[in-house]
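Undergrad: Attaching a single structure in structure tokens format; questions to follow.
The values are calculated or read from the model by the stated rules, or taken from the named source; none is laboratory data. Keep in mind it's a predicted model, so treat the numbers as computed, not measured. Note that we place each Cβ from the backbone using ideal geometry, even for glycine, and neighbour counts take in every protein chain shown. Side chains are part of the model used for accessible areas, which takes the heavy atoms of the whole protein and leaves out ligands, DNA and RNA. Shrake-Rupley method; radii C 1.70, N 1.55, O 1.52, S 1.80 Å.
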Amino acid sequence: MEKETTDSEMSGNAGAPAPVPGTSAVLPLRQDCRLVCVEYPGLVVNVDKMLETLGGEKTVSKTFADPSRRIELNYRPRDPYCHPQCANRFTTTSLLLRVWKRSRKGSGADARFEMETLGVIGTCYKFQGMSDFQYLAMHTEADGTQTSLYDKILLCKPEKKDFFYKEVPLYIPPPIFSRLDNPVDYFYRPDIQHREGYVPQTVSHDNLIGLSRARRPHNAIFVAFEEKEVPTKPLEAAVQNWRRLCVHPSDSKKEQEIKDMFERRPVWSRNAVKANLDIQPDKLKLLLPYVAYYMLTGPWRSLWVRFGYDPRKTPEAKIYQVLDFRIRCGTKHGYAVNDMPVKAKRSTLNYSLPITMNKTAPQPASIREISQEGGQPVVQKPVSPRYKLKDSAYIFREGTLPPYRQMFFQLCDLEVESIKKLIHQNDGKEEECNERDGWCIPRTSDELRDIMSALIKQTIRARRPAAVPSTSKSSAASTRGQRRQEAESGEEEEDEEGEEDEDFQPSEGSDNEMETEILDYM
């Protein structure tokens with residue numbers, strides 16, 4: 001007959017690891033050891049090889065630090081053509097137990113079990129999706145034999161010129177794999193029955209699938225530099241969209257704040273607006289077309305301009321022009337690509353496939369405390385800005401580094417005395433506004449980039465003296481004309497020409513973050 005244990009007996013034996021007679025046992029719980037579980041879809045024989053298929057312990061830890069990422073499993077970790085299988089992240093409340101079975105040889109009746117809790121599992125990764133097709137770099141001969149192409153298409157060591165001229169069988173991997181690894185329900189719908197006399201629309205680029213995404217109804221007005229007139233009021237659809245959203249007193253307050261901003265300064269970049277106005281990004285997308293139009297080309301490209309204000313007709317608008325600046329990189333500047341003082345915002349090395357990221361979970365509803373007297377809300381402390389950017393997102397100062405390698409500054413936000421003197425050197429003498437330099441003297445943008453690059457180099461040298469070698473050309477006031485005078489020898493002339501090729505060449509069609517802002521309104 002089994003012996004039952006009471007609550008008092010269990011509490012008295014809580015600290016003893018010995019099992020309690022009967023069908024249950026009391027074990028101490030280790031709260032200090034928090035574990036992560038990965039349900040591996042395979043038989044693990046070698047733990048090191050298993051970790052290698054998950055990217056190693058460092059990759060697993062990095063994935064765990066980001067709740068939106070999924071663990072990638074590559075059954076062939078050394079094959080760059082291996083398509084991964086992904087695991088979803090779940091919150092659990094489980095225990096990891098270690099169990100021993102002790103019994104005498106030849107007698108299983110007197111077996112005794114001992115248990116120990118190793119820790120608490122709070123997070124678990126489960127592989128619930130299907131494995132996609134796998135493509136191997138193989139070539140099928142005429143007789144049906146398979147030949148590997150990895151040694152012919154992968155560079156494992158530096159090769160000579162002859163390697164690239166060898167005849168290699170054609171191998172074209174698939175351009176894209178499935179974006180979903182979980183099955184979805186597809187409901188077959190019947191064909192639409194049209195009335196008699198219906199004429200289908202002609203096929204055009206607007207109704208073809210896959211050419212472009214659906215247009216977003218934000219109703220922004222785009223103006224190119226060549227257009228003669230600028231809009232004086234927003235589209236009626238933009239007004240209706242904002243009025244439909246502007247239902248809270250705080251929205252009306254944000255509307256008045258942004259109107260005051262454009263009265264004080266008629267041209268703003270979106271980063272500058274976000275640094276001066278604490279507003280939800282989705283609301284800002286609807287509010288900007290309500291108060292300003294968007295410049296597509298010219299010296300004010302990718303900026304928002306107040307309705308009725310034409311910067312091409314006002315020389316005072318020179319200070320609002322945009323400067324496309326990129327941090328220069330190379331041995332001439334004292335650091336290589338991997339030693340850049342400012343890391344890239346996006347990198348192809350850290351690119352995540354769509355299947356490796358979880359969809360963002362909906363935000364929980366906000367709760368507001370209500371007092372007992374009259375049901376009035378409790379006075380809360382001032383809330384810190386949630387959506388505001390830092391000033392460094394649009395202002396350049398001496399002694400600081402830009403947050404990104406490529407930045408779009410307005411000339412009025414370059415707070416350096418030498419830069420201000422260069423911008424205002426032709427005040428009162430502006431004659432014509434051209435598409436490249438606006439109201440500034442020709443090549444002013446190039447000289448501004450030279451000064452900013454020199455200031456950034458000085459800042460890096462001050463922070464890391466051993467990182468950037470000191471040269472005679474690194475003064476803050478050095479300009480392109482001074483460098484030409486210093487390059488007198490043939491070797492120096494070649495070096496300067498190489499630097500010219502390496503430096504940024506402004507282009508209105510360059511693919512960058514700020515110019516692709518237009519995609520939010522198309």
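Undergrad: Condition (residue is in a loop (DSSP other than H, G, I, E, B) and more than 28 Å from Met357 (Cβ to Cβ)) applied to segment 122-132: is it met by at least one residue?
TA: No.
Undergrad: Looking only at segment 1-39, count every residue that is at pLDDT 75 or above and either surrounded by fewer than 15 Cβ atoms within 10 Å (Cβ to Cβ) or touching a strand residue (DSSP E or B) at 6+ places or on another chain (Cβ under 6 Å) (or both) and tell me the total.
TA: Residues flagged as at pLDDT 75 or above and either surrounded by fewer than 15 Cβ atoms within 10 Å (Cβ to Cβ) or touching a strand residue (DSSP E or B) at 6+ places or on another chain (Cβ under 6 Å) (or both) within segment 1-39 amount to 13.
For every residue, the table says whether it meets (1) open to solvent by 50 Å² or more (accessible area, probe 1.4 Å); (2) of a type in the set (A, V, I, L, M, F, W, C); (3) in contact (Cβ under 8 Å) with a residue 60 or more places away in the chain.
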| site | (1), (2), (3) |
| --- | --- |
| Pro249 | yes, no, no |
| Gln256 | yes, no, no |
| Lys259 | yes, no, no |
| Asp282 | yes, no, no |
| Pro289 | no, no, yes |
| Gly298 | no, no, yes |
| Ser302 | no, no, yes |
| Pro315 | no, no, yes |
| Ile319 | no, yes, yes |
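Undergrad: Something else: Starting from segment 234-245, take each residue that is under 11 Å from Lys283 (Cα atoms) and list its partners that are assigned to a helix (DSSP H, G or I), counting only C-beta distances under 7 angstrom and pairs at least six apart or across chains.
TA: Asn241/Leu286; Trp242/Leu286; Trp242/Leu287; Trp242/Tyr290; Leu245/Asp251; Leu245/Lys283; Leu245/Leu286
Undergrad: Within segment 277-318, can you find the residues that are in a helix (DSSP H, G or I) and under 22 Å from the mean Cα position of the chain (by Cα)?
TA: Answer for segment 277-318, where residues must be in a helix (DSSP H, G or I) and under 22 Å from the mean Cα position of the chain (by Cα): Pro281, Asp282, Lys283, Leu284, Lys285.
Undergrad: Of all residues in segment 43-59, how many are open to solvent by less than 50 Å² (accessible area, probe 1.4 Å) and in contact (Cβ under 8 Å) with a residue 24 or more places away in the chain?
TA: First pass over segment 43-59, keeping only residues open to solvent by less than 50 Å² (accessible area, probe 1.4 Å): 50, 53-56.
Filter again for in contact (Cβ under 8 Å) with a residue 24 or more places away in the chain, leaving 53.
Number satisfying all stated conditions: 1.
Undergrad: Could you say which residue among Arg89, Arg104 is among the basic types (Lys, Arg) and closer than 27 Å to Gln31 by Cβ?
TA: So the residue among Arg89, Arg104 that is among the basic types (Lys, Arg) and closer than 27 Å to Gln31 by Cβ is Arg89.
Undergrad: Return the residue satisfying two criteria in turn: it lies in segment 108-153 and is of a type in the set (A, V, I, L, M), open to solvent by less than 50 Å² (accessible area, probe 1.4 Å) and touching a residue at least 40 places away in the same chain (Cβ under 8 Å), and of such residues it is farthest from Asn182 (Cα to Cα). Don't jump to the end; show me each part of the working.
TA: Step one: list which residues in segment 108-153 are of a type in the set (A, V, I, L, M), which gives 109, 111, 115, 118, 120-121, 130, 136-138, 142, 149, 153.
If we keep only those that are open to solvent by less than 50 Å² (accessible area, probe 1.4 Å) too, we end up with 111, 118, 120-121, 137, 149.
Checking which are touching a residue at least 40 places away in the same chain (Cβ under 8 Å) leaves us with 118, 120-121, 137.
Numbers: Leu118: 33, Val120: 29, Ile121: 25, Ala137: 26 Å.
Per the criteria, the residue is Leu118.
Undergrad: Somewhere in segment 403-421, is a residue over 35 Å from the mean Cα position of the chain (by Cα) and modelled with pLDDT of 90 or more?
TA: The answer is yes, given that some residue of segment 403-421 is over 35 Å from the mean Cα position of the chain (by Cα) and modelled with pLDDT of 90 or more.
Undergrad: Further question on the same structure: Where residues in segment 414-435 are closer than 21 Å to Tyr394 by Cα and assigned to a loop (DSSP other than H, G, I, E, B), which of them is least open to solvent (accessible area, probe 1.4 Å)?
TA: Taking the candidates together, the pick is Val416.
Undergrad: Would you say Tyr171 is in contact with a Leu (Cβ under 8 Å, 6 or more places away or on another chain), surrounded by 10 or more Cβ atoms within 10 Å (Cβ to Cβ), of a type in the set (Ser, Thr, Tyr) and under 30 Å from Ile355 (Cβ atoms)?
TA: yes
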